[in-house]
Amino acid sequence: EALDSHKVEIRLETNITKIIGDGQKVTAVEIEGKNGKETLKADSIILAISYKIEPNNFKSITLQTSGRYIKVNHAYETNIKGIYAAGDIANVADEPKFNLLAVGSAEAYTAINNVKKYVHPTSSLFGGHSSSLNL
């Protein structure tokens with residue numbers, strides 16, 4: 001419901017071929033998937049699990065890169081406010097990087113909570129423990 005109310009469109013089994021921006025923010029994305037090739041207007045992009053990561057796809061939004069990585073801070077925010085990266089494509093301050101699924105998942109959790117805080121500044125950064133849920 002929350003995604004629908006904010007007009008968030010989820011595309012599975014889709015490859016991003018190009019991210020288009022104005023130098024400061026995302027404005028559109030070129031994709032290829034079940035429906036063929038499309039260009040969609042966008043102001044946010046969330047990449048889930050990917051097997052092929054190409055930082056050059058992000059050049060039109062001037063993300064800072066280091067080799068094959070997008071540079072991020074400890075909140076996994078890029079040099080552009082409101083754009084986050086995690087997993088194999090992200091590297092915090094040129095620290096040693098372990099490209100493992102478990103590491104990428106932990107980074108994604110941290111990035112997602114920081115995105116939530118960015119979108120809803122009054123929300124808690126910490127989502128809680130699963131053991132606290134009444135299941």
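The values are calculated or read from the model by the stated rules, or taken from the named source; none is laboratory data. In this text, all values refer to a predicted model and were calculated from it rather than measured experimentally. A quick note on method: Cβ atoms are made from the backbone with ideal geometry, for glycine too, and the neighbour counts reach across all protein chains shown.
Odds and ends about this structure:
- Selection status of LEU135, over 16 Å from the mean Cα position of the chain (by Cα), in a loop (DSSP other than H, G, I, E, B) and either at pLDDT below 75 or within 22 Å of ASN15 (Cα to Cα) (or both): yes
- Hey, ASN79 within 27 Å of HIS120 (Cβ to Cβ) and at pLDDT 80 or above or not: yes
- Residue among ILE89, ILE10, ILE112 that is under 28 Å from HIS129 (Cα atoms) and either surrounded by fewer than 10 Cβ atoms within 10 Å (Cβ to Cβ) or at pLDDT below 80 (or both): ILE10
- Within region 85-135, the set of residues being touching a His at 6+ places or on another chain (Cβ under 9 Å) and of a type in the set (Gly, Ala, Ser) comprises just one member, ALA93.
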